[in-house]
Amino acid sequence: MMGSRASRQLSIWIWCCACLLAMGNAEAQTTLRALAKTKGKLVGTSLSSNYIDNPASMPSGYQSTLANEFNVYVAENSFKMSELLPNAPANPFDIQISDLSTAKIDIMVARARENGVGMIRGHALIWHTQAPSWLTTSAPGWTADQITAFATSYIKAVVTYCKTINDAVDAPVRIYEWDVINETIDKSKARAKKRSRGSAAKSSIGYRTGTWYDGVANRQAFIDAIFRAARNADPNVRLVYNDYGIEMYGSPKCNFMLNMVGGMVSRGVPIDGVGLQCHFIGPDPSGAGGFSSSDARKFEQTFAALRALGLDGIVTEFDLRLQTDSTTIEGNVTSRQLALQGDQYRLIVATALSQSNCPALLTWGFTDAQSWIPWACPGYGHALPFDRSYAKKPAYEGITTAIKALPTVEENKASSLTTTLPTASAMTFGQALSNSTLSGGEGSVPGSFTFASPPVAPTRMKSEKRPVASLASMWSASQATATEIWRASSESPAY
Ligand code: XIL
């Protein structure tokens with residue numbers, strides 16, 4: 001028989017094991033938003049328009065995952081111009097708030113509020129596609145000045161409307177950031193042909209053509225003007241250039257982007273960051289390919305180059321698609337592909353969120369049941385962290401593993417106390433510019449934009465031109481106001 005001392009020891013041991021198991025379970029059940037909060041990062045997702053407009057049709061798995069896992073939202077389609085300005089306004093060169101379908105914005109804000117999420121990204125003010133049909137019909141007849149007047153007054157109306165939401169007393173939800181222009185850099189075979197005087201046309205990178213705003217010859221002046229219009233409408237909103245295929249440092253499109261935003265910074269144009277869409281391709285059915293460690297190094301260098309310009313890099317539309325066994329509808333993938341996808345998700349999230357100038361990572365949708373990929377890229381699918389039944393995939397574990405490995409907010413604070421700001425040692429934009437081939441001015445296709453040594457300083461460089469409050473301070477403001485909702489609803493934190 002066991003003595004009473006031994007039995008007490010056994011009970012304590014069993015109790016300790018039970019506690020450890022419970023802690024393990026709690027850890028296993030930790031949501032992305034809870035983890036991200038301890039690391040001072042935003043982890044978000046886009047919301048499908050079907051469900052924003054018609055919440056009654058939202059499956060319960062969709063709603064609970066959306067509410068539990070993320071602390072920042074973006075509308076997949078609802079904030080695009082075709083949704084906000086569907087009908088021709090009385091005066092297209094002086095758009096008013098009354099011309100907008102602001103209900104789309106209100107509904108998105110309501111969805112975020114219901115789920116206790118305080119941060120919304122605005123996507124996207126100017127885009128060549130998903131523009132209203134009246135605009136694509138009318139704009140080709142407009143002068144450059146009229147196109148600019150249209151775009152700046154549209155931006156003023158939308159951003160001013162959102163400012164009233166942001167400025168409301170104890171605003172629980174903020175539209176804290178806008179993609180001011182989306183995807184204005186593109187490959188052009190025609191441009192290459194012209195440059196090479198008819199010889200074999202290689203694709204070349206430049207400002208996109210074939211847009212409703214093609215009538216503006218001086219693209220950079222147009223882009224400067226629309227960023228200024230957004231900043232004038234709300235001095236506190238963060239302004240971003242968003243694009244795909246710009247993630248890898250050294251690629252022609254990334255070079256062009258760095259030249260473009262670098263030029264904006266040098267001219268004092270208000271820009272806070274670049275949205276790296278991150279629509280990546282994962283391993284094929286044989287398990288080969290996908291995002292490699294050498295890709296991770298190039299990705300990291302892009303953040304470093306943006307940091308040198310005083311800009312953030314935001315992962316705005318992340319998904320990692322898998323080649324399926326069907327060339328049309330979304331087919332099946334192998335379990336090996338899914339496991340490798342998990343590893344690659346971890347690498348991508350770790351690379352991005354470990355950068356001091358990467359405050360946020362958003363996936364483009366979260367469930368394979370609602371993803372643009374099978375439609376946009378036939379033969380591919382399974383790109384997101386939750387499967388069609390909202391079960392967590394290895395990709396989800398990849399995200400959590402990456403976030404868990406990040407330093408906590410406290411650790412970051414402690415290390416920044418001992419880190420000297422790299423102002424003296426870091427390259428200024430002027431130096432970077434003189435090391436680049438940026439010289440041709442408007443419409444030129446720059447060559448490689450090489451920093452003498454891409455700075456990799458761990459602390460964010462201060463840019464004197466950076467005009468608005470840091471995301472961290474906006475975020476803490478959002479937390480403060482959101483506190484009121486948590487009290488009222490006793491829900492989880494609102495970011
Ligand atoms: C996509 C949406 O996911 C689709 O529902 C829509 O039909 C087309 O647009 N880059 C962007 C996003 O900036 O707005 C796109 O979203 C995906 C690519």
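The values are calculated or read from the model by the stated rules, or taken from the named source; none is laboratory data. Only a predicted model underlies this, so the values are computations on that prediction, with no experimental measurement involved. So basically every Cβ, Gly included, is an ideal-geometry build from the backbone, and we count neighbours across all protein chains shown.
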Within region 114-126, residues being on the phi < 0 side of the Ramachandran plot and in contact with a helix residue (DSSP H, G or I) (Cβ under 7 Å, 6 or more places away or on another chain) number 7
State whether the residues of region 375-392 include one that is under 19 Å from the mean Cα position of the chain (by Cα), crowded, with 24+ Cβ neighbours inside 10 Å, within 14 Å of the ligand (Cβ to nearest atom) and of a type outside the set (Phe, Trp, Tyr).
yes
Selection within region 393-418 - outside any helix (DSSP H, G or I) and crowded, with 19+ Cβ neighbours inside 10 Å
LYS393, LEU406
Count of region 284-322 residues which are more than 19 Å from ARG346 (Cα to Cα) and either in a strand (DSSP E or B) or in contact with a helix residue (DSSP H, G or I) (Cβ under 7 Å, 6 or more places away or on another chain) (or both):
7
Could you tell me whether any residue of region 281-295 is within 16 Å of the ligand (Cβ to nearest atom) and over 18 Å from MET257 (Cα atoms)?
yes
Small (Gly, Ala, Ser) and either over 18 Å from ALA151 (Cβ atoms) or surrounded by fewer than 20 Cβ atoms within 10 Å (Cβ to Cβ) (or both): does that describe ALA230?
no
Pull out all pairs, ordered by first then second residue, where Cβ-Cβ is under 7 Å, the residues are six or more apart or on different chains, the first lies in region 76-103 and is part of a loop (DSSP other than H, G, I, E, B), and the second is among the acidic types (Asp, Glu) and modelled with pLDDT of 95 or more.
ASN77/GLU83; LEU85/ASP99; PRO89/ASP99; SER101/GLU83
Within region 135-186, count every residue that is of a type in the set (Asp, Glu), more than 16 Å from the ligand (Cβ to nearest atom) and in contact (Cβ under 8 Å) with a residue 60 or more places away in the chain.
1
Considering each of ASP106, ASP53 in turn, give the residue that is under 27 Å from ALA383 (Cα atoms), of a type in the set (Asp, Glu), surrounded by fewer than 19 Cβ atoms within 10 Å (Cβ to Cβ) and within 24 Å of the chain's Cα centre (by Cα).
ASP53
Contact list please: Cβ distance under 7 Å, first residue in region 300-326 and touching a residue at least 24 places away in the same chain (Cβ under 8 Å) and farther than 15 Å from CYS254 by Cβ, second residue within 14 Å of the ligand (Cβ to nearest atom) and aromatic (Phe, Trp, Tyr), pairs at least six apart or on different chains.
GLU317/TRP364; PHE318/TRP364; ASP319/TRP364; LEU320/PHE280; ARG321/TYR380; LEU322/TYR380; GLN323/TYR380; THR324/TYR380
Which one of the conditions (1) at pLDDT below 95; (2) under 20 Å from LEU35 (Cβ atoms) does ASP343 fail to meet, given that it meets all the rest?
(1)
What residue, among those in region 31-73 that are among the hydrophobic types (A, V, I, L, M, F, W, C) and touching a Leu at 6+ places or on another chain (Cβ under 6 Å), is nearest to the ligand (Cβ to nearest atom)?
VAL72
Mind listing whichever residues of region 83-105 are touching a strand residue (DSSP E or B) at 6+ places or on another chain (Cβ under 9 Å) and not acidic (Asp, Glu)?
LYS104, ILE105
